[in-house]
Amino acid sequence: MGGDTVKRTPHVMITNKRSKMSLIHIAKERCGLDDASYRALLYGAAGIESARELEWEDQFSAIMDAFGKLGFQSWKKEGKTNSRPRWTDEWGCHAAQRAKIEVMWKTCARNKDEAALRSFIRRIAHVDSPRFLNTFLARKVILALEKMMIAEGYDPVSGGRLATAGSLRNEAQKKL
């Protein structure tokens with residue numbers, strides 16, 4: 001009839017009932033619900049009048065979705081459950097060093113893609129990823145790129161082409 005239908009998973013018996021009941025009570029307190037509002041939420045979301053009547057995982061999910069609409073976020077959603085660091089694409093050196101490395105690489109490298117730059121950093125600094133670069137190692141990479149730029153005929157300071165004897169002669173002939 002044009003209405004949204006909620007796709008429910010088949011009934012699965014609830015596991016960790018005590019911890020889930022505790023989470024429901026924490027959500028009740030954080031949302032500031034009185035007893036009547038809390039019971040209305042339970043009945044409206046899961047068809048139960050008390051958290052003790054919780055039997056199915058989809059009931060718990062529906063209750064937590066209802067609390068989520070009231071603004072509740074569990075500590076799991078805040079990312080505190082996993083103590084392992086999440087690796088990002090961040091570099092370990094200063095942002096200015098990263099920018100200089102990337103510009104120098106794009107100026108003088110034959111293969112300008114990210115994978116080739118990472119391989120170059122691995123070869124020069126002996127680290128597996130740019131996120132492990134400290135300022136000293138980043139400086140080592142910059143010095144290697146400066147040498148590479150000079151070999152390719154670029155000025156490491158300005159990024160422009162270096163003046164060679166042949167190019168100076170050509171410019172002098174153009175002026176005449």
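Within the stretch 50-69, can one find any residue that is at negative phi, surrounded by fewer than 17 Cβ atoms within 10 Å (Cβ to Cβ), modelled with pLDDT of 85 or more and among the aliphatic types (A, V, I, L, M)?
no
So which pairs qualify, if the first residue must be in the stretch 147-165 and small (G, A, S), the second must be at pLDDT 75 or above and in a loop (DSSP other than H, G, I, E, B), the Cβ gap must be under 7 Å, and the two must be at least 6 apart or on different chains?
Hits for this filter: G153/L162.
Quick check on the stretch 136-153: of everything there that is touching a Cys at 6+ places or on another chain (Cβ under 6 Å), within 15 Å of E102 (Cα to Cα) and not small (G, A, S), which residue is surrounded by the fewest Cβ atoms within 10 Å (Cβ to Cβ)? Break it down stepwise before answering.
Of the residues in the stretch 136-153, the ones touching a Cys at 6+ places or on another chain (Cβ under 6 Å) are 138, 148-149, 152.
Next cut, within 15 Å of E102 (Cα to Cα) only: 138, 148-149.
Cutting the leftovers down to not small (G, A, S) gives us 148-149.
Values: M148: 18, M149: 20.
Going through the qualifying residues, I end up with M148.
In the stretch 117-134, which residues are surrounded by fewer than 13 Cβ atoms within 10 Å (Cβ to Cβ) and under 15 Å from E102 (Cα atoms)?
The one that is surrounded by fewer than 13 Cβ atoms within 10 Å (Cβ to Cβ) and under 15 Å from E102 (Cα atoms): S119.
Which condition number in (1) assigned to a loop (DSSP other than H, G, I, E, B); (2) modelled with pLDDT of 60 or more; (3) surrounded by fewer than 16 Cβ atoms within 10 Å (Cβ to Cβ) is the one that G79 fails?
The one condition G79 does not meet is (2).
Among (1) over 30 Å from Y38 (Cα atoms); (2) modelled with pLDDT under 80; (3) surrounded by 14 or more Cβ atoms within 10 Å (Cβ to Cβ), which single condition is S74 missing?
The failed condition is (1).
Can you find a residue in the stretch 100-107 that is at pLDDT below 85 and either assigned to a helix (DSSP H, G or I) or within 23 Å of the chain's Cα centre (by Cα) (or both)?
Within the stretch 100-107, the subset at pLDDT below 85 is none.
Scanning the stretch 100-107, I find no residue that is at pLDDT below 85 and either assigned to a helix (DSSP H, G or I) or within 23 Å of the chain's Cα centre (by Cα) (or both), so the answer is no.
The values are calculated or read from the model by the stated rules, or taken from the named source; none is laboratory data. Just so it is clear, the structure is predicted and the values come from calculations on it, not from any experiment. Backbone-built Cβ (ideal geometry, glycine too); neighbour counts: all protein chains shown.
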